[in-house]
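The values are calculated or read from the model by the stated rules, or taken from the named source; none is laboratory data. Nothing here was measured: the structure is a model prediction, and the numbers come from that model. A quick note on method: Cβ atoms are made from the backbone with ideal geometry, for glycine too, and the neighbour counts reach across all protein chains shown. The area values use the complete protein model at the heavy-atom level, side chains included, leaving out ligands, DNA and RNA. Shrake-Rupley method; radii C 1.70, N 1.55, O 1.52, S 1.80 Å.
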Amino acid sequence: SEAVIKAQALQAFDWMAAQSDAPILVHGYSLGTSVALYVAAHRDVEAVILDAPFARMCEQMSRASKLPACWLHYVQKWDSLALTAVIKTHVMIQHGTDDRVIPMSDGKRLASALEKSGSAATFYDVQGAGHNSLTLAPDYQLRVDDFIAKVINR
């Protein structure tokens, strides 16, 4: 469930933080982006990397099913957008222009909301990348490496 996964993510972060004083960055891909944002909203992270993120999973479900999933009580919401109000760290978002699973507009909505909350958000539209091919795109790893280097060396 959403609650269990988020609790386990916090436990994993706490374990990692107890192992070292080194800065911790969190990274999420697709569904994992909401988990990464949840950790960043509840722990002191150095930065966040989001690949193919969604704004609210219930909106994805509504698009796919034509049901009002965000209004149904029993549906897990996975509301990443709501978490942006409390995140105050550097965030890099990468989203493929050919993503047929999660619209790139969701990534842009998150970037905008993060900027409004005071986060330093950087958005990359990765030309020609689909949902499952984002990490194979040219310069994907270079962007990640550059982002990490800038955050750690600031």
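Just checking, how many residues over segment 6-26 are in contact (Cβ under 8 Å) with a residue 40 or more places away in the chain and within 17 Å of the chain's Cα centre (by Cα)?
The qualifying residues number 1.
Which one of these is closer than 25 Å to ASN153 by Cβ, assigned to a loop (DSSP other than H, G, I, E, B) and either open to solvent by less than 60 Å² (accessible area, probe 1.4 Å) or modelled with pLDDT under 90 (or both): VAL45, VAL39, VAL91?
Working: VAL39 fails: assigned to a loop (DSSP other than H, G, I, E, B); VAL91 fails: assigned to a loop (DSSP other than H, G, I, E, B).
Residue meeting the stated conditions: VAL45.
Does ALA22 count as open to solvent by less than 70 Å² (accessible area, probe 1.4 Å) and out of contact with any strand residue (DSSP E or B) (no Cβ under 7 Å at 6 or more places or on another chain)?
Numbers: open to solvent by less than 70 Å² (accessible area, probe 1.4 Å): yes; out of contact with any strand residue (DSSP E or B) (no Cβ under 7 Å at 6 or more places or on another chain): yes.
Answer is yes for this residue.
Which members of segment 126-145 meet the condition of being without any contact (Cβ under 8 Å) to a residue 40 or more places away in the chain and either open to solvent by less than 70 Å² (accessible area, probe 1.4 Å) or of a type in the set (A, V, I, L, M) (or both)?
Going through segment 126-145, the residues without any contact (Cβ under 8 Å) to a residue 40 or more places away in the chain turn out to be 126-130, 132-133, 136, 138-139, 141-142, 145.
Across segment 126-145, the qualifying residues are VAL126, GLY128, ALA129, GLY130, SER133, LEU136, LEU142.
Against the conditions (1) in contact with a Pro (Cβ under 8 Å, 6 or more places away or on another chain); (2) among the β-branched types (Val, Ile, Thr); (3) in a strand (DSSP E or B), where does THR33 fall short? Just the number, please.
The one condition THR33 does not meet is (3).
Can you confirm whether ARG109 is more than 22 Å from ILE148 (Cα to Cα), assigned to a loop (DSSP other than H, G, I, E, B), open to solvent by 20 Å² or more (accessible area, probe 1.4 Å) and among the basic types (Lys, Arg)? Quick ask: steps written out before the conclusion?
Numbers: more than 22 Å from ILE148 (Cα to Cα): yes; assigned to a loop (DSSP other than H, G, I, E, B): no; open to solvent by 20 Å² or more (accessible area, probe 1.4 Å): yes; among the basic types (Lys, Arg): yes.
Spelling it out, it is not the case that ARG109 is more than 22 Å from ILE148 (Cα to Cα), assigned to a loop (DSSP other than H, G, I, E, B), open to solvent by 20 Å² or more (accessible area, probe 1.4 Å) and among the basic types (Lys, Arg).
Looking at (1) open to solvent by 50 Å² or more (accessible area, probe 1.4 Å); (2) closer than 19 Å to ARG56 by Cα; (3) not in a loop (DSSP other than H, G, I, E, B), which is the only condition VAL101 fails?
Among (1) open to solvent by 50 Å² or more (accessible area, probe 1.4 Å); (2) closer than 19 Å to ARG56 by Cα; (3) not in a loop (DSSP other than H, G, I, E, B), the lone unmet condition for VAL101 is (3).
Could you list, ordered by first residue, the pairs with Cβ atoms under 7 Å in which the first is in segment 94-119 and β-branched (Val, Ile, Thr) and the second is open to solvent by 60 Å² or more (accessible area, probe 1.4 Å), at least 6 apart or interchain?
THR97/ASP125; THR97/GLN127
Filter segment 25-36 down to the residues that are on the phi < 0 side of the Ramachandran plot and open to solvent by less than 30 Å² (accessible area, probe 1.4 Å) and list them by number. Spell out how you get there, then give the answer.
In the first step, residues of segment 25-36 are kept if they are on the phi < 0 side of the Ramachandran plot; the result is 25-29, 31-36.
Residues satisfying the conditions are VAL26, GLY28, GLY32, THR33, SER34, VAL35, ALA36.
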